[in-house]
Each structure stands twice: as structure tokens, then as C-alpha cells.
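Undergrad: Just dropping this structure here.
The values are calculated or read from the model by the stated rules, or taken from the named source; none is laboratory data. Please read these numbers as outputs of a predicted model, since none were measured by experiment. Methodologically, a virtual Cβ is constructed for each residue, glycine included, from the backbone with ideal geometry; neighbour enumeration extends over all protein chains shown. Surface areas here come from the heavy atoms of the whole protein model, side chains and all, with no ligands, DNA or RNA. Shrake-Rupley method; radii C 1.70, N 1.55, O 1.52, S 1.80 Å.
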Amino acid sequence: MARRSPSSGSQVLAIVLAGGEGKRLMPLTADRAKPAVPFGGIYRLIDFALSNVVNSGYLKVVVLTQYKSHSLDAHVTKTWRMSTLLGNYVTTVPAQQRVDKNWYLGSADAIYQSLNLVHDERPEIVVVVGADHVYRMDFSHMVEQHIKSGVGVTVAAIRQPISMADQFGVIEVDEQDPTRISAFLEKPTDARGLPDAPHEILASMGNYVFTASALEEAVTRDHDREGSKHDMGGDIVPDFVSRGDAGVYDFKNNPVPGSTDRDRGYWRDVGTIESYYEAHMDLVSIHPVFNLYNYEWPMYTQYQPLPPAKFVHGSGDRIGEALNSAVSPGVVVSGGHVYGSVLSPLVKVHSYAHIEASVLLDGVEVGRQAKVRRAILDKNVTVPPNAQVGYDHDHDRARGFHVTDSGIVVVGKGQTVTE
């Protein structure tokens with residue numbers, strides 16, 4: 001049986017939607033699924049969703065995968081091991097064509113094709129979450145509200161400025177009951193503000209709590225609906241709203257142990273290179289906007305058997321140092337300078353090299369007197385001595401690197417950096 005919610009006594013199964021192709025994160029997703037993209041030095045994006053689920057007390061979790069899933073499968077299998085003695089698990093489930101000859105046609109179709117998992121566990125409640133957001137959330141409070149409300153689905157929502165409404169799925173609430181959804185609008189240009197905050201809107205976070213029977217009926221009905229894109233946010237939620245059977249959970253009311261006024265309510269959809277980069281920069285300020293050092297609500301991941309980070313040389317201008325930076329195990333900064341950056345495991349920075357406002361993934365090596373600025377370097381990229389990345393965007397493009405409109409340079413896996 002699925003695990004009982006500590007708050008409600010109900011049987012709960014968690015489903016993590018991890019099939020995203022991640023086109024807007026290219027080239028970081030050229031060789032891996034979006035939820036498998038490294039983040040914050042030692043984590044993968046999926047670790048945040050899974051950590052939130054298990055910290056909430058839900059220890060039966062299925063992860064639905066599809067695109068380029070090998071590294072994602074390997075990470076989840078090696079990292080997320082529960083007690084089989086107690087019947088707990090985190091397991092990846094690829095698209096299997098159980099229903100017909102189609103792969104997953106959307107997030108709703110992924111659940112429809114995986115209803116056998118729900119039937120096996122016979123839960124009363126199903127928590128459905130995305131796998132590519134950075135945040136902390138205790139889902140047990142949302143489950144409790146859902147059960148008390150009696151609705152078929154409850155949608156988690158975060159407050160955003162009304163000027164950003166056209167970037168989100170926007171939830172309009174019932175003026176008489178602000179926990180009920182009156183309308184669900186996809187990226188509207190004429191959104192209405194909230195009754196208690198006219199300058200704000202509620203944006204869907206892509207996290208849902210369903211009554212299990214209602215979820216099964218909804219995805220089955222959607223499977224046969226002509227013209228449906230089979231999307232949870234675009235099709236399933238509006239279906240519930242049209243029947244007056246949808247509630248909203250305001251993320252600002254979610255209490256997470258160990259959170260502070262500065263990082264409470266933090267949520268980032270890291271679906272683009274810009275948002276991925278900015279979320280990293282949120283980690284390295286003196287008082288982080290997103291605090292990885294909250295030990296009361298830990299973010300779990302796989303820890304490699306690596307030695308501590310090391311900083312060597314300290315004479316003249318040959319000083320190995322990292323300031324306002326997050327430095328992972330196995331990193332060696334040898335006479336180079338690192339500022340405002342995130343260094344993943346096994347990164348090497350050689351003498352007189354300069355790294356500024358950058359994200360270096362596992363195994364990156366920056367040669368003597370090389371310079372890297374406002375860049376993301378994917379795994380095992382080598383920057384040769386005296387080379388520069390992020391200083392001349394025309395030259396960066398000529399070398400085949402991706403450069404965003406805001407000037408962030410991305411060097412993908414397997415790309416060669418030349419002078």
C-alpha cells in the first residue's frame with residue numbers, strides 16, 4: 001500500500017514527471033534529460049523535487065522518464081534508495097507503450113499510460129510534481145488542505161507580479177472563496193490581480209494534489225478528447241476548473257522547517273539558460289536567496305568519495321582563492337582567482353586563471369592565465385592556457401558556443417575551446 005500522509009492519514013503515492021526534453025536549455029540538454037542537468041555543484045535538478053517529496057513524508061515515488069533518460073535513470077537508481085523492508089521506493093518508469101504504440105504525448109498522457117502504477121498501490125491521494133524546479137516545499141500541508149476542501153485537484157501556486165502574467169499559467173480565484181479556482185488562463189495578457197493584492201497574480205508551479213479516483217477519470221477522459229495536447233496544466237486542470245472541482249494552494253502559506261524570511265517562498269523554473277544561470281547566482285551571495293545550508297530540510301543527492309576542496313599558492317599575485325563562491329569536493333584552485341561562481345566536483349583552476357560569475361560543471365579544467373566570465377561550462381570542458389570565454393561574444397559564437405541575448409556563454413560537452 002502507498003505510504004500514509006503524516007498529516008491526513010490518507011494513502012499517498014507521489015508521481016514525478018521527469019520526461020521533459022528541455023529544448024530551451026540546449027546545449028545542456030543535448031546529451032541528457034532536463035531533470036538530469038547538474039545544478040548547484042553537487043546536485044541534479046530532479047534532486048530538489050525528490051527531496052521535497054520524501055521530506056514531506058511520502059516514500060513511495062515513481063519517476064516517469066522519456067527523453068535521453070540514461071543519466072537520469074542511473075542517478076535516481078544509484079542515489080534514491082529507500083528501505084525495501086518497509087516497502088518504500090523511488091523508481092524510474094520509462095515510456096512503455098502499454099496502452100498503444102505511442103510514446104508519451106504529454107504529461108497527462110504519461111500518467112494515463114502509467115495508471116497501472118496507481119492501480120498497484122491503490123492510493124487515496126496522488127501528489128504529482130515536476131522535476132525541473134528549484135525550491136523547498138512541504139507537500140503534506142497542501143495534501144491536508146486538499147482533503148479538507150473535497151475538490152478533485154488542488155494546484156500549487158506562487159504569487160508573481162501582474163506584469164509577468166504572460167509568462168505563466170495564471171490562476172484566477174473565486175472572490176467568495178480564494179481557495180477555489182474560477183479560471184485557469186495560459187499566459188494571459190489581460191490578467192486580473194488578486195482580491196487581496198491587485199498587483200499580483202497566482203502562477204501555477206506545476207505541482208498538483210489529486211484525489212486518486214478523480215485523476216484516473218480525468219486522464220482517461222482526456223485520452224479520448226479530440227484536440228487535446230494531453231498536458232496537465234493545459235488540459236487536465238482546465239477540465240477540473242470547468243466542473244467547479246479545482247482548488248488552489250497559495251505557496252506563501254507553506255511552512256518549511258529551517259526557512260528564513262529571505263529564502264521562504266523561493267521557487268525558480270530553470271527552463272531557460274538565463275533562469276538556470278540566475279538561479280546559480282542566487283546561491284552565491286553572502287546571504288543566499290536560496291539557502292542550501294538549511295539542515296532541517298536537506299536536499300539529498302549522491303556524494304562521491306572525493307577529497308575536500310583545496311586552495312594552493314599564496315605569494316605575490318599567485319593566490320589560489322574563491323570568494324563569494326560555492327566550491328564542491330574534489331576542486332583544486334591552484335594559484336587562480338574565482339569570484340561569484342559555482343564550481344562542481346573535480347574542477348581544476350590553474351595559476352593566474354580568472355573565473356568570474358560563472359558555472360563550471362564536473363571535471364572542467366581552466367588553464368594557466370585563462371579567463372572565464374559569465375559562462376556555463378559543461379562537464380569535462382578544458383579551457384587551454386591564455387584562452388578566454390565570455391569576453392568577446394563574436395569570437396565565442398565563431399567558436400560554436402551558444403551566447404544568450406543577455407550575454408551568457410555556454411560551452412557544451414565535447415566542444416573544444418581554442419584561443
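Undergrad: Given the range 344-419, what strands (runs of 3 or more DSSP E) lie entirely inside it while holding 2 or more residues that are in contact with a Gly (Cβ under 9 Å, 6 or more places away or on another chain), open to solvent by 70 Å² or more (accessible area, probe 1.4 Å) and under 23 Å from Asp317 (Cα atoms)? Please lay out each step first, then the result.
TA: Numbers: elements: 354-356, 371-373, 375-377, 409-411.
It comes to 371-373.
Undergrad: Sticking with this one: Going residue by residue through the range 196-205, is there one that turns out to be touching an Asp or Glu at 6+ places or on another chain (Cβ under 8 Å) and without any contact (Cβ under 8 Å) to a residue 24 or more places away in the chain?
TA: Looking through the range 196-205, none of the residues is touching an Asp or Glu at 6+ places or on another chain (Cβ under 8 Å) and without any contact (Cβ under 8 Å) to a residue 24 or more places away in the chain.
Undergrad: Would you tally the residues in the range 55-81 being of a type in the set (A, V, I, L, M, F, W, C), assigned to a helix (DSSP H, G or I), in contact with a strand residue (DSSP E or B) (Cβ under 9 Å, 6 or more places away or on another chain) and open to solvent by 20 Å² or more (accessible area, probe 1.4 Å)? Spell out how you get there, then give the answer.
TA: Just the residues of the range 55-81 that are of a type in the set (A, V, I, L, M, F, W, C), to begin with: 59, 61-64, 72, 74, 76, 80.
Narrowing further to those that are assigned to a helix (DSSP H, G or I): 72, 74, 76.
In the following step, the residues that additionally are in contact with a strand residue (DSSP E or B) (Cβ under 9 Å, 6 or more places away or on another chain) were identified as 72, 76.
Right, trim to open to solvent by 20 Å² or more (accessible area, probe 1.4 Å) and you get none.
Residues flagged as of a type in the set (A, V, I, L, M, F, W, C), assigned to a helix (DSSP H, G or I), in contact with a strand residue (DSSP E or B) (Cβ under 9 Å, 6 or more places away or on another chain) and open to solvent by 20 Å² or more (accessible area, probe 1.4 Å) within the range 55-81 amount to 0.
Undergrad: Hey, another quick one. Pro188 versus (1) more than 21 Å from Lys252 (Cα to Cα); (2) touching a His at 6+ places or on another chain (Cβ under 9 Å): which is the lone unmet condition?
TA: (2)
Undergrad: Ok, one more. Determine, yes or no, whether Asp109 is at pLDDT below 90 and not in a helix (DSSP H, G or I). Break it down into steps so the answer makes sense when it comes.
TA: Details: at pLDDT below 90: yes; not in a helix (DSSP H, G or I): no.
No; evaluated as a whole, the condition is false for this residue.
Residues checked against (1) farther than 21 Å from Arg32 by Cβ; (2) of a type outside the set (Gly, Ala, Ser); (3) under 28 Å from the mean Cα position of the chain (by Cα):
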position: Gly340; (1), (2), (3): yes, no, yes
position: Leu346; (1), (2), (3): no, yes, yes
position: Gly363; (1), (2), (3): no, no, yes
position: Arg368; (1), (2), (3): yes, yes, no
position: Leu377; (1), (2), (3): no, yes, yes
position: Val383; (1), (2), (3): yes, yes, no
position: Asp392; (1), (2), (3): yes, yes, no
position: Val409; (1), (2), (3): no, yes, yes
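Undergrad: Right, something else. Which residues, counting only those in the range 28-38, are in contact with an Asp or Glu (Cβ under 8 Å, 6 or more places away or on another chain) and either assigned to a strand (DSSP E or B) or open to solvent by 30 Å² or more (accessible area, probe 1.4 Å) (or both)?
TA: Within the range 28-38, just Pro38 meets the criteria.
Table: residues versus (1) among the charged types (D, E, K, R); (2) more than 23 Å from Arg24 (Cβ to Cβ); (3) in contact with a Pro (Cβ under 8 Å, 6 or more places away or on another chain).
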site	(1), (2), (3)
Ala309	no, yes, yes
Gly340	no, yes, no
Ser358	no, no, no
Thr382	no, yes, no
Gly400	no, no, no
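Undergrad: Sticking with this one: So Leu25 ticks every box in (1) modelled with pLDDT under 90; (2) open to solvent by 10 Å² or more (accessible area, probe 1.4 Å); (3) over 24 Å from Val126 (Cβ atoms); (4) not β-branched (Val, Ile, Thr) but one. Which box is left unticked?
TA: For Leu25, the exception is condition (2).
Undergrad: Determine whether Val219 is more than 25 Å from Pro178 (Cβ to Cβ), of a type in the set (A, V, I, L, M) and in contact (Cβ under 8 Å) with a residue 40 or more places away in the chain. Please lay out each step first, then the result.
TA: Working: more than 25 Å from Pro178 (Cβ to Cβ): yes; of a type in the set (A, V, I, L, M): yes; in contact (Cβ under 8 Å) with a residue 40 or more places away in the chain: yes.
Taking the combined requirement at face value, the residue satisfies it.
Undergrad: Does at least one position in the range 328-340 carry a residue that is open to solvent by 50 Å² or more (accessible area, probe 1.4 Å) and closer than 26 Å to Ser406 by Cα?
TA: Checked the range 328-340: at least one residue is open to solvent by 50 Å² or more (accessible area, probe 1.4 Å) and closer than 26 Å to Ser406 by Cα.
Undergrad: Taking into account only those residues within the range 172-216 that are over 21 Å from the mean Cα position of the chain (by Cα) and β-branched (Val, Ile, Thr), which is most open to solvent (accessible area, probe 1.4 Å)?
TA: Checking each candidate, the answer is Thr189.
Undergrad: If you don't mind, there's one more thing I want to ask. Counting only residues that are open to solvent by less than 50 Å² (accessible area, probe 1.4 Å) and touching a His at 6+ places or on another chain (Cβ under 7 Å), which one in the range 222-269 is modelled with the lowest pLDDT?
TA: Ranking the qualifying residues of the range 222-269, first place goes to Asp222.
Undergrad: What's the number of the only condition in (1) within 23 Å of the chain's Cα centre (by Cα); (2) in a helix (DSSP H, G or I) that Asp120 fails to meet?
TA: Result: Asp120 passes all but (1).
Undergrad: Search the range 34-50 for residues that are under 19 Å from Asn207 (Cβ atoms) and hydrophobic (A, V, I, L, M, F, W, C) and pair each with any residue that is in a helix (DSSP H, G or I) and open to solvent by 10 Å² or more (accessible area, probe 1.4 Å) when their beta-carbon atoms are under 8 Å apart and the residues are at least 6 apart or on different chains.
TA: Pairs found: Leu45/Lys34; Ile46/His75.
Undergrad: Suppose we keep only residues that are closer than 22 Å to Val37 by Cα, within 24 Å of the chain's Cα centre (by Cα) and not hydroxyl-bearing (Ser, Thr, Tyr) within the range 303-327. Which one would you say is least open to solvent (accessible area, probe 1.4 Å)?
TA: Only one residue fits best here, namely Ala326.
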